[in-house]
1. Go through region 1-47 residue by residue and tally those that are loosely packed, with under 11 Cβ neighbours inside 10 Å and not basic (K, R).
2. Filter region 33-52 down to residues that are farther than 20 Å from L63 by Cβ and of a type in the set (S, T, N, Q) and give me whichever is modelled with the highest pLDDT.
3. Go through region 42-64 and give me each residue that's free of Cβ contacts under 8 Å to residues at least 24 places away in the same chain, among the basic types (K, R) and farther than 15 Å from K15 by Cβ.
4. Would it be correct to say that S67 is among the hydroxyl-bearing types (S, T, Y) and under 11 Å from the mean Cα position of the chain (by Cα)?
5. Given the options L30, L17, L12, L63, name the one that is in a helix (DSSP H, G or I), in contact with an Asp or Glu (Cβ under 7 Å, 6 or more places away or on another chain) and modelled with pLDDT of 95 or more.
Amino acid sequence: MNVLTREEGEALLNKFLSRALKNPADIETLMTLAREHPSTIPMKGIIYQYDRMEKNVLSKADLDDLSTLMFFYGP
């Protein structure tokens, strides 16, 4: 299994959030949180805020992307 670079992780997170969230301001809020963290993508904090936001129905591909992000960057 290949390791995701930070840039690849941010791109995957942006793709996931764009499909998963209804409000573009929510997407930008979470992407800012990911970009401004000094060491890695803080998936625990992102998921905490994501759970409070209005979401679209997730497809299997969306869930796979989320699983990948949690594997590499999760708690």
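The values are calculated or read from the model by the stated rules, or taken from the named source; none is laboratory data. Keep in mind that what you see is a predicted model, and the values were worked out from it rather than measured. So basically every Cβ, Gly included, is an ideal-geometry build from the backbone, and we count neighbours across all protein chains shown.
1. The qualifying residues number 11.
2. The residue in question is T40.
3. R52
4. yes
5. Numbers: L30 fails: in contact with an Asp or Glu (Cβ under 7 Å, 6 or more places away or on another chain); L17 fails: in contact with an Asp or Glu (Cβ under 7 Å, 6 or more places away or on another chain); L63 fails: in contact with an Asp or Glu (Cβ under 7 Å, 6 or more places away or on another chain).
Going through L30, L17, L12, L63 in turn, the sole match is L12.
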